[in-house]
Amino acid sequence: MSSIDAGTHAADAHAGEGHHGGGFISTYVFSRDHKIIGIQFLFSTLVWFLVGGLLALGVRWQVAWPWSEMPVVGKMLFSAEGGQISPEFYTMLFTMHATIMIFFVIIPILAGAFGNYLIPLMIGADDMAFPTLNMLSYWFMWPAFAVIGTSFFVEGGGAQAGWTSYPPLSVVQEAAPGSHLPQTLWLIGITFVGVSSMMGSINYMTTIIQMRAPGMTMFRLPMTIWAMFITAILQAFALPVLTAAGFIQLTDRMIGTGFLLPEYLVVNNSDPASGGGQPLLWQHLFWFYSHPAVYIMILPAMGMVSDMISCFARKPLFGYKPMVYSIAGIAGLGFIVWGHHMFVSGMNPALGMTFMVSTMLIALPSAIKVFNWLGTIWGGNLQFTTPMLFALSFVSMFIIGGLSGIFMAATPVDIFIHDTYFIVAHFHYVLFSGTAMAVFGAIYFWFPKMFGRMMNDSWGKVHFFLTFVLLNCVFFPMHILGAVGFPRRLADPYHYATFRELGPLNEFITYCALALVACQAIFVVNFFVSIFFGPKAGRNPWHANGLEWAAPSPPGHGNFDFQPLIYRGPYEYGDPSVDADYYPQTQPPPPGHPETRPEAAPVTY
Amino acid sequence: MNKVWSLLFLAVPVFGVATFVAAPYFNHWLPRDVSEHGRMIDHLFMFILWLTGFVFVGTEVAIFWFMWRYNDRVNREPARFMHGSHSLELVWTILPAAILLFIAIYQMDAWAGSKMRRPDIAPTAEVTGRQFEWRLRYPGPDGVLDTADDIHHVNDLHLPVGEEVLLVVKSEDVLHSFFLPNLRIKQDVVPGMKQYVWFKANETGQFDIVCAELCGWGHYKMKGQVTLESREEFDAWLAQQYEQEQATLEQTTTDEG
Amino acid sequence: MSHDEHSAHPGFDYQPALPIPNGKVCVWLFLSTEIMFFAALIGTYIVLRFGALVWPHPSQVHLSEPIGAMNTFILICSSVTVVLALEMSKKNNAAAAKGWILLTLILGSLFVGVKGYEYNAKFSHRIYPAAGPGPIYEKADIYYAAAVRTRLNELQTALQAQAEPSEQQQHRIEVVQSILTNYVEPAEQAAGENGNAVEAEQELEELANAVMPLHHAAHDTQGAEAEVHHAGLNDEHSWLKLPIRIPGGNMWASTYFLLTGFHAIHVIVGLIVFAILLFMRLDATKAGVVENVGLYWHFVDLVWIFLFPLLYLF
Ligand code: HEA
Ligand code: HEA
Ligand code: CUA
Ligand SMILES: [Cu+2]
């Protein structure tokens, strides 16, 4: 690495101390500063990540050794059953595992933590457009935390209808123990998360549209911002549908409207249903949100990975505009493929065929992205820092997760693999091996900006190595399980003689999952130790171009100690016309240089 | 160290391919297919496996190679200062597009055969899912379902081989999914709806009926069995079931009377 | 929505893409999310309605088109008044602006009032969105007859429990008795073991019609005199509270209350905001606020303009 520091602003003098007056509570708790809110989101979601991971271990324990006593926690939780997991508890485990991972971890860590932290810094704003709204969007997570948290402890013990909550199971209270109060709490919790995300996404869109620094044109935005912007649009248009669906399910459950249940339906001696409703209606509404939501859960990761890869390849991002268009393409197509979750649901098969075609098409923009990442590292000067390794692993793993999507998009094949572990393999490859790995990378990458100190790179690499190896040991064999036809959501798969021979493979997976969770301790320790004792970072430790690296680390209140003016895009690494191998967005061009001045005149209100 | 990282990424395609190659030898593979149309589904699976396999190996090896060749220890030249390439973008847009469209069109016939072209025959049986069992109903001697002489049975489905079979599948309470792994059949059953599955089995034997849609705490034990047998055996079995059912019916009516 | 400006620290220069204030961008974005929300609800309605075997005619569920039309008109007027308020506010005429806002508030309240009246008309005919108070029966079948008998028996036992029934109670006992003998028993008999199917259907139909007659669309066109149907038993004796029969009635009630309910909530939120505006000086500096509130109100109006034909006319 060359040792030139960020051109014009070398002094870090008043970095970090810039928080203006006000007590601890208003500065760190009810803060309206986007950076504090971002960090609040980060901590909350990491804690839930741990909870979700532990629930996953419960799932794995049962799949490998059904009905055997869980060590340590077994006695505490189910002394009555001799430490065994009951089938309804198992159902609850994976339902809540997925709910927490998706609604409390991946979505809020991407949009809430990184979106909040990075958007104003990367576009040159002093804060979000609506700081109070931003604060509210964090505090609306808490009722959700509280409600979902309580749902574990009320009678019935956690929702048990899968994270997809298909009626009638989720609607008829008698259908499952978890369909009493816990399902109601689940719905309320999801609604709160929805309101929070809604507030956030409106704020992000307004900020990105209106508060870019002079010269920061749309096509000079970093990919992270493009991804956050388009994700916010996805949220804004998809989430209201889930909210509406949630209300529909709530009224069906609470007052007995008839939207989702067919006439006179009786489940487990319940009162006959009144309506003439359609169970498939929920699936359509749910997936109309939740398919776009899977892209909500990957696009920001793709954006951040693009930034990291370009920075550590010391080379401009390959095909910036195609990258932008492909994100937009994924988002647009994402609204017309929801039916691929319903190929065998009883939906009209002709409709299934059209959804199949649109699903095939959506692989196309993803292909463009993958090839452009490959183009970026081709001919670069790759630096294998921890964030770079995580970013590269994202690309490598996303390919696996995406390609398994092609199997399922092929309708006849989906007949066989639908609701088997093939699907489980698919979405853990995109969600954990993809997004979560990108998130780890992003934490290592922006940690110096957030806390002013570096994380330990060697331990980071150990963490990367173990996580990378173990996650593949956990999730890759699931493809094979799926090929055998091993169904998901089974409390005791070995009830079927055919699946008994899969026992050893399942045990292997569980051992690896245990190790996978355990090795995260390295990350946790590194994280906390570095906050307090890491080496000081300086403004631009990675010699990156992005505007955020021109601000102090950590940035004070108002973010910048100068008026940001932008002269070029964020990926001008290795420009032969400058001495350093990077060319910050804020660095003025040499006098007389023609093309790179701020394009638009500053406008103020 | 840089070499180690590159090799680690090379391990992905190596072990990935090895896993798929080894799995069939451990008998961890698609279950035995005993149906006519299953061949097409398996063929599509294998076709996509080969195709994505090539893409997988190609892209993963590319990652490895670029890591190996262009890391800052090895690559002494300055990074290529380039922002993209129009012709490359075109290539890697059009090529995958063509492949994907091909897959899309190639599979349509199999899908239509499995889900759209329902044969014009009378249903052999009606299968109704409920928490947590499969209720079965065969038409009695009159050959029509929904009449007084229907034959009832639970979890133990018998079907003739070597001929097209049509089943009505329904649900009485929540969602279930009627999954016959060995016949490559899966259909969610939805209360309030009536669905059909059809197939032609070509081997005799006993196979699992699996419930593949979460339906409550007992989802895991909602297991049934399908016995595929020759037409004669099937007819004999059905006749015997009919006798038995009539006998028990008489029993109960005399008991009541 | 929140209108906080960030003022604590020196604002930087920006390069906004749209020549409008952030607050307005926010309102527009918020409204686009609202569009999706109502799109989901209306989509639900359309799917269920066209998936339903029967759908009641508005008159069968005591839905009055003229009242709905009047309410539409009221809401459109309120959209006009809010525009006038904005005009006045822009001209810095705070008093006049406040006057128009007040008028908007009144019109909006009127709308809610009429909605309340409409809801009440449903409730008094025992049409609820919920199964709780007893479902609406889809068909006049033996289950329906059984439900009517159950209710009557209930009444009978309660009334006869009195040692010395008052004159009114005496009268009620007679009414119950007469319904049992005139309608329920014949229906039960016809539907019983020895009855024939056609007759049973007739008798059951008669029973259901006596409780609450179905006003068929066909009747209405035959002439105005058909409009003066006899009122049903439930109308004559409000204490009877017999189960009613409306084909498709449950689904209708569910969707009607869902759509109009969420719309009404939006109207009420608007009214609260108008009430808050009344405490502000609506001079030119507040024109932006009035405009944003107005945008929201136009949206609420627009939703109703979709709902009215969907629910009342088709
Ligand atoms: C981040 C999350 C995420 C992402 C990005 C994706 C991406 C994709 N998903 Fe996935 N999906 C989920 C999360 C995600 N999915 C989840 C959570 C579920 C299960 C929900 C549940 O039931 O609980 C699911 C389920 C799911 C199903 C339903 C399966 C079933 O239940 O039966 C289907 C079916 O079509 C599908 C398809 C796809 C496709 C085609 C893509 C594509 O976007 C992938 C495109 C990418 C590539 C193809 C790879 C890169 C491309 C190349 C290297 C180029 C060359 C390629 C070719 C020419 C083929 N997904
Ligand atoms: C983002 C989403 C996400 C993530 C990350 C994971 C992570 C994991 N999941 Fe899960 N999973 C889902 C989403 C996710 N899953 C979904 C949607 C379902 C479907 C549910 C349904 O059917 O309804 C599912 C279902 C599911 C099943 C299938 C259950 C069944 O169908 O019967 C299994 C089984 O093995 C499983 C296992 C695992 C494992 C072992 C992990 C491991 O990777 C977990 C590892 C955990 C960690 C690594 C946590 C480490 C913690 C930290 C790093 C935090 C640090 C803390 C501080 C700083 C305080 N998951
Ligand atoms: Cu029935 Cu699962
Ligand atoms: Cu999807």
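The values are calculated or read from the model by the stated rules, or taken from the named source; none is laboratory data. These numbers come from a predicted model, not from an experiment. Reconstructed Cβ throughout: ideal geometry from the backbone, glycine too, with neighbour counts over all protein chains shown. Side chains are part of the model used for accessible areas, which takes the heavy atoms of the whole protein and leaves out ligands, DNA and RNA. Shrake-Rupley method; radii C 1.70, N 1.55, O 1.52, S 1.80 Å.
Partner chain Cβ atoms within 10 Å, averaged over the residues of C:19-30 - can you pull that number for me? Walk me through the intermediate numbers first.
On the way: counts 1, 2, 3, 10, 3, 1, 7, 8, 2, 3, 11, 5.
Average per residue, whole number: 5.
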In degrees between 0 and 90, to the nearest 10, how far off the longest principal axis of chain C does helix C:287-308 point, with axes built from Cα atoms? 30
What distance in nm separates the two pseudo spin-label positions at C:F314 and C:M280, each 7 Å out from Cα along the beta-carbon direction? 3.8
Rounded to the nearest 5, what % of the DSSP beta bridges within chain B are antiparallel ones? 70
For helix A:223-254, what angle does its Cα long axis make with the longest principal axis of chain A, in degrees from 0 to 90 and rounded to 10? 30
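What's the buried accessible area, both sides, between C and A using a 1.4 Å probe, rounded to 100 Å²? Working shown, then result.
Numbers: alone 17120 and 23480 Å², together 36200 Å².
By this definition, chains C and A bury close to 4400 Å².
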Residue-wise, which Karplus ³J(HN,Hα) couplings in Hz belong to the range B:35-51, taking 6.51 cos²θ - 1.76 cosθ + 1.60, θ = phi - 60°, and x for glycine or proline? 10, 5, 6, x, 4, 5, 5, 5, 4, 4, 4, 5, 4, 5, 4, 5, 5
Cβ-based charge dipole, the range C:1-159, positive-most Cα from C:A121, C:N71, C:G99: C:A121
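Would you mind working out the magnitude of the charge dipole of the protein assembly as shown relative to its Cα centre, with +1 at each Lys and Arg C-beta and -1 at each Asp and Glu C-beta, to the nearest 20 Debye? List each step's numbers first, then the result.
Values: 58 positive and 91 negative charges, 1095 e Å.
Here the size comes out at about 5260 debye.
Estimate the FRET efficiency between C:S166 and C:F123 by the formula 1/(1 + (r/R0)^6), using the beta-carbon distance for r and 30 Å for R0, to the nearest 0.05.
Working: r = 27 Å, r/R0 = 0.91.
Given R0 = 30 Å and the Cβ-Cβ separation, E is 0.65.
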What whole number of Å gives the distance from the Cα centroid of the range C:108-126 to the Cα centroid of the range A:439-482? 59
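Can you give me the relative contact order of chain A as a percent, contacts being Cα pairs under 8 Å and 6 or more apart? It would help to have the intermediate numbers written out before the result.
Working: 1037 pairs, mean separation 106.4, N = 605.
Once divided by the residue count of chain A, the mean separation gives 18 percent.
At 222 nm, what value in deg cm²/dmol follows for the protein assembly as shown if DSSP H runs of at least 4 each add -39500 (n - 2.57) and the sum is divided by all its residues, to the nearest 500? Don't skip to the end; give the middle numbers.
On the way: 33 runs with 635 residues, N = 1176.
Calculated at 222 nm, the ellipticity per residue is -18500 deg cm²/dmol.
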Ignoring ligands, DNA and RNA, please state the percent of accessible area on the range C:1-109 from carbon and sulfur, probe 1.4 Å. 72
Distance between Cα centroids, the range B:70-131 to the range C:19-37: provide it in whole Å. 37
Lysines within cross-link reach of C:K115: Cα-Cα under 26 Å, excluding same-chain residues under 8 positions apart? C:K98, C:K241
Principal-axis tilt of helix A:437-451 within chain A, Cα atoms, nearest 10 degrees: 40
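Given an 8 Å cut-off on Cα distances and at least 6 residues of separation, report the relative contact order of chain B as a percent. Write out the running numbers ahead of the final one.
Values: 362 pairs, mean separation 46.6, N = 257.
Relative contact order, chain B: 18 percent.
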Just to verify a number: FRET efficiency for B:K223 and A:F465, C-beta to C-beta distance, R0 = 41 Å, to 0.05? 0.45
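Using 0.36 nm times the number of residues separating A:M254 and A:F528, minus their current alpha carbon distance, what extension gain do you get? Display every interim value, and only then the final one.
On the way: separation 274, 0.36 × 274 = 98.64 nm, distance 4.49 nm.
My answer for the length gained is 94.2 nm.
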Dipole axis of the range A:351-502 (+1 Lys, Arg; -1 Asp, Glu on Cβ), positive-most option in A:Y494, A:S396, A:F447: A:F447
Provide the gained length on full extension for the span C:I76 to C:V112, in nm with one decimal, where the gain is 0.36 nm per separating residue minus the Cα-Cα distance. 11.6 nm
Springs between alpha-carbon atoms under 10 Å, Gaussian network over chain C: tell me which of C:W252, C:W100, C:W28 tops the mean-square fluctuations. C:W28
Simple spin-label estimate for C:I20 and C:H62 in nanometres, 7 Å along Cα-Cβ: 4.4
Mean-square fluctuation check for chain B, GNM, Cα pairs under 10 Å: which of B:G38, B:G162, B:G84 is largest? B:G84
Using the crude model of +1 on Lys and Arg Cβ and -1 on Asp and Glu Cβ, and no other charge, please compute the dipole size for the range B:140-187 relative to its Cα centre, in debye to 20. 400
How much length is gained if the chain between A:L54 and A:A515 is pulled fully straight, taking 0.36 nm per residue apart and subtracting their Cα-Cα distance, in nm to one decimal? 164.8 nm
Label model pair B:V61, B:H43: point-to-point distance (7 angstrom along the Cα→beta-carbon line) in nm is 2.8
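Restricting to the protein assembly as shown, compute how many DSSP beta bridges are antiparallel as a %, nearest 5.
On the way: 31 of 44 bridges.
Around 70 percent of the beta bridges assigned by DSSP in the protein assembly as shown are antiparallel ones.
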Give me the percent relative contact order of the range B:130-184, please, defined on Cα pairs under 8 angstrom at least 6 residues apart. 33
Under a GNM of chain C (C-alpha, springs under 10 Å), which listed residue has the highest mean-square fluctuation: C:E206, C:E154, C:E188? C:E154
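Within 10 Å, at most 14 other Cβ atoms, and a DSSP state outside H, G, I, E, B define an exposed site. Report the longest part of chain B free of exposed GluC sites (Glu not before Pro). The partial results should precede the final answer.
Details: sites that count: B:E163, B:E203.
The longest such stretch corresponds to B:1-162.
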Estimate the FRET efficiency between B:V74 and B:F15 by the formula 1/(1 + (r/R0)^6), using the beta-carbon distance for r and 25 Å for R0, to the nearest 0.05. 0.55
For the range A:105-161 and the range A:560-576, compute the distance between their C-alpha centroids and round to whole Å. 31
Quick one: putting +1 on the C-beta of Lys and Arg, -1 on the C-beta of Asp and Glu, what dipole do you get for chain A around its Cα centre, in Debye to the nearest 20? 620
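Could you work out the mean count of beta carbons from other protein chains within 10 Å of each residue's beta carbon in C:141-149?
Numbers: counts 0, 0, 2, 0, 0, 0, 0, 0, 0.
Across C:141-149, the average partner-chain Cβ count within 10 Å equals 0.
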Inter-chain shielding of A:557-563 (mean C-beta neighbours from other protein chains, 10 Å cut-off): 2
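What number, in nm² with one decimal, is the all-direction average of the projected area of the convex hull of the alpha-carbon atoms of chain B? Display every interim value, and only then the final one.
Details: hull surface 83.6 nm².
For chain B, averaging the hull's shadow over all directions gives 20.9 nm².
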The answer for the longest stretch of chain A without any exposed GluC sites (Glu not before Pro) (DSSP loop, at most 16 further Cβ atoms within 10 Å) is A:156-594
